[in-house]
Amino acid sequence: MRLSRYFLPTLKENPSEAQIVSHRLMLRAGMVRQSSAGIYTWLPLGYRVLDKIADIVRAEQARAGAQELLMPTVQPAELWRRSERYDDYGPEMLRFKDRHEREMLYGPTNEELITELFANAVRSYKELPKNLFHIQWKFRDEIRPRFGVMRGREFLMKDGYSFDLDYDSARHAYNTMFLAYLRTFARMGLTAIPMAADTGPIGGDLSHEFLILAETGESQVHAHRDLLAMDWSARDIDYDDRAAVRAAVGSFTDRYAATDEKHDPAKDAELGDALVTARGIEVGHIFYFGTKYSARLGAVVQGPNGEDVTVEMGSYGIGVSRLVGAIIEASHDDNGII
């Protein structure tokens, strides 16, 4: 297409509402326009970038054995009541009634919907494991949306879900996705540092955030310097080799990395010059939560001995639209690390 016909409404001046470099540049370059607080129209240039990032995410998910589907954005409230999350999720959830007075919600995440789908379709352990994902628009009613696409109310997210027969298999699925995330971010030129994290409203007792270093990050990061030099863009690990996958994950988790809420001042002091302290932007988050949803929503299969087995689950998120801003922020960072 000729440039003269391309829809590219650029700006000469920095918009007053844009506080960080990615927000300023995306507005000035004609990538996005704000529709309302925390909600953006993606213009042709920005949408091309968004699609390219989504394609990298898809490729690495497929390489890790995940299958893509597409679930609806609107979900019935009753499904969330069955999981006991409807009342607990809080005001970030957009709730409404349809014309028949049925309570509905605009999904902030999809654990309930995918678990019900699995429960109605899979009957035997022979059909396991399963790993399903989609790339879908979400809505979370942030109290203070800011920083452009970095913290919007409507955003594009890759969320995936694994189903396994037992704990060991579920942990292998978790470890596989851990490495797939490292490859995904490395292919975008980003050094993502995995660190143990709180599970929040998703639940479970095992979780890792993936943060890239940038001065505008919302989290304070304390990490071993070696983690910044571990390039995974070209690694070719056989994801079916459980021992190799476990060892590769351990090469990261054995090194110190913590957000400000979880860091240990004693370990900081022990590392000395090997410690890096910087700001970080969360671009991915993975969870293992066992049978939290499968038990409540009836995701049960027949096991090898004919007994009913409640499947083990994990979930895996990447902020696809957030990555556009994060890449710009990281490339303009001047802390001397990236």
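Kirkwood Rh, segment 209-338, all Cα pairs: how many Å? The partial results should precede the final answer.
Details: mean 1/r = 0.0569 Å⁻¹.
That comes to 17.6 Å for segment 209-338.
Can you list residues whose amide H is under 5 Å from residue 104's amide H, if they're 5+ apart or on another chain and H is modeled 1.01 Å from N?
HN-HN under 5 Å from residue 104: 77, 96, 97, 98.
If amide hydrogens are placed 1.01 Å from N in the peptide plane, which non-local residues have theirs closer than 5 Å to the one on residue 14?
Result for residue 14 returns nothing.
Kyte-Doolittle mean at least -0.5 and Cα extent at least 20 Å along the axis: which DSSP H helices of the chain qualify? It would help to have the intermediate numbers written out before the result.
On the way: long enough: 44-63 (28 Å, -0.21); 167-187 (30 Å, -0.36).
Membrane-span-like by this rule: 44-63, 167-187.
What is the percent carbon and sulfur in the accessible area of segment 189-300, measuring with a 1.4 Å probe over the protein chains and ignoring ligands? Show your work: numbers first, answer last.
Working: 2250 of 5090 Å².
With neighbouring chains kept in place, the figure for segment 189-300 is 44 percent.
Which loop GluC sites (Glu not before Pro) in segment 101-156, with loop taken from DSSP, have no more than 13 other Cβ atoms within 10 angstrom of their Cβ?
Working: sites: 101, 103, 111, 112, 116, 127, 142, 154; in loops: 101, 142.
Answer in residue order: 101.
Which residue, 322, 255, 102, tops the fluctuation ranking in a GNM of the chain built on C-alpha contacts under 10 Å?
Highest fluctuation of the listed residues: 102.
Taking just the alpha-carbon atoms of segment 113-234, what radius of gyration and Dmax come out, in angstrom?
Over segment 113-234's Cα set, Rg and Dmax evaluate to 16.9, 49 Å.
Farthest toward the dipole's positive end in the chain, which of 313, 324, 83, given Cβ charges of +1 (Lys, Arg) and -1 (Asp, Glu) about the Cα centre?
The residue sitting most towards the positive pole is 324.
Over the chain, with the other protein chains present, what is the accessible area per residue in square angstrom, probe 1.4 angstrom?
Values: 16010 Å² over 338 residues.
Value for the chain: 47 Å² per residue.
Using amide H atoms built 1.01 Å from N in the peptide plane, name the residues 5+ places from residue 193, or on other chains, whose amide H lies under 5 Å from its own.
211, 212
Report the convex hull volume per residue for segment 23-164, counting only C-alpha atoms, in Å³.
Here the figure is 132 Å³ per residue.
The values are calculated or read from the model by the stated rules, or taken from the named source; none is laboratory data. On a predicted model such as this, the values are computed, not experimentally measured, just so you know. As a convention, Cβ positions derive from the backbone with ideal geometry for all residues, glycine included, and neighbour counts pool all protein chains shown. The area values use the complete protein model at the heavy-atom level, side chains included, leaving out ligands, DNA and RNA. Shrake-Rupley method; radii C 1.70, N 1.55, O 1.52, S 1.80 Å.
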